[in-house]
Structure formats: structure tokens, C-alpha cells
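The values are calculated or read from the model by the stated rules, or taken from the named source; none is laboratory data. Just so it is clear, the structure is predicted and the values come from calculations on it, not from any experiment. FYI the Cβ positions are ideal-geometry reconstructions off the backbone, even for glycines, and counts take in every protein chain you see. What goes into the accessible areas is simple: the full protein's heavy atoms, side chains included, and nothing from ligands, DNA or RNA. Shrake-Rupley method; radii C 1.70, N 1.55, O 1.52, S 1.80 Å.
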Amino acid sequence: MTPFITLAAQAAETAEQKSAEVTDWAARLGWVAGLLLFIAFVYWLMRQGWKWRGSLQSDLPPLPALPERPGEATLTLSGRYHGSTTAGQWLDRIVAHGLGTRSRAELTLTGAGISVVRPGASDFLIPAAALREARLDKGIAGKVLAEGGLLIVTWEHGGKLLDSGFRSDRAAEHTAWVEALNSMNPVSTTEGIAR
């Protein structure tokens, strides 16, 4: 009988160990609340940095509006707008006037320039006189793709040269855009800027 009593005592002791309270809910909720506050603080800092960058770029004039009658379309492109940077500085994002907002985009090349229609963001025109060059590249403003995966359009706005990055839903269209844009401006190259 002694082994039976010992076995019963061990079973009772094991049952007590399993039913012991191991979770301190107050401490756990405190850690979760602290983590949520930290995430909110980091998000607030990122937003303040975005606003600060926009205020530093406040000297950039408003973007040209789309013309009422742009003319006959030479080329069209449906894809994504990945942002604009200072020309040659592929990580120096321009955020003023909504140029830093990534979005879907419909591009139309006409005699007036490139009409950029962006659902959910401000539309703008890259005037033909402002176009400097077009090239295929692999990255802009934190977006890196395979070599030649982005259509980069260099243009002048407010006395500053800007690079704007677009990616077509059909990458084969990029080459036609580079050729058409560079034929509008004879002093251009199609090679990416060395990094």
C-alpha cells in the first residue's frame, strides 16, 4: 500500500503544479501597453520627419496642372509612380506637393509633355520644355528593382532637376518611352547614374 499512497501523493502534487497560476496579467498588459505606446511614438517621429522634409522643400513651386486640351497622345503607360528625387541623388526623396506619395499612375505623352494622372494623389504635368532625359535604372527613393526595371524621367522644376520614377505594368514599354523622350531632347543619355 505504501507505493500506492506515494503514487497518489505524487499525482496530487503534479495536479497542484499544473493548476498553479503562472500568468501575471497586470505585468503582461503593462508590457503590451508600453509596446503600443512605443510604436505610436516611432510612427509620430516618422510623420514629423516627413513634414520636416516637406518644409525644407517648400521653395519648390506648385506642380504644373494638366492642360485642358493636351493634344494627341503619342504614348500611354499604365503602372506605378514610385516617387521623385533630386536628380542624381536616388535616395533624396522630394515630398513637397505630393511628389513623395507612391501611387498608381497613368502616363500620357503628348506635345505638351507627360500627363501624370494619379488616383488618390495629385495629378501633374511634366512640361515638354522641362524634360531633360529618360533612362532605365534599377532604383529610386527606397525602391530597388532588377536592372532596367524603372523608367526614370529627369525634368526641371523650379530651377531644380528632378528624377521621377515610373514602372509600367508591362516592362517592355519602358524602352519605347526612353526613345521617345530622348528624341524630344537631343542632349540626353540612357545610362543610369553611377552609384
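Quick one: in region 87-125, which of the residues that are of a type in the set (Lys, Arg) and part of a loop (DSSP other than H, G, I, E, B) is farthest from the chain's Cα centre (by Cα)?
Applying the filter and picking the extreme gives Arg118.
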Notebook entry, point to check: Quick one: how many residues across region 161-184 are touching a residue at least 12 places away in the same chain (Cβ under 8 Å) and over 21 Å from the mean Cα position of the chain (by Cα)?
Noted result: 9
Next item on the list: Might you let me know whether region 130-144 holds any residue that is at pLDDT below 90, of a type outside the set (A, V, I, L, M) and open to solvent by 70 Å² or more (accessible area, probe 1.4 Å)?
Entry: yes
Item checked: Residue check for Gly100: more than 21 Å from Trp50 (Cβ to Cβ) and at pLDDT below 90 -> no
Next item on the list: Consider Gly71 carefully, then state whether it is at pLDDT 90 or above, in contact with a Ser or Thr (Cβ under 6 Å, 6 or more places away or on another chain), surrounded by 10 or more Cβ atoms within 10 Å (Cβ to Cβ) and of a type in the set (Gly, Ala, Ser).
Entry: no
Margin query: Being surrounded by fewer than 20 Cβ atoms within 10 Å (Cβ to Cβ) and either assigned to a strand (DSSP E or B) or not charged (D, E, K, R) (or both) narrows it down to one residue among Ser55, Ser84; which is it?
Written below: Ser55
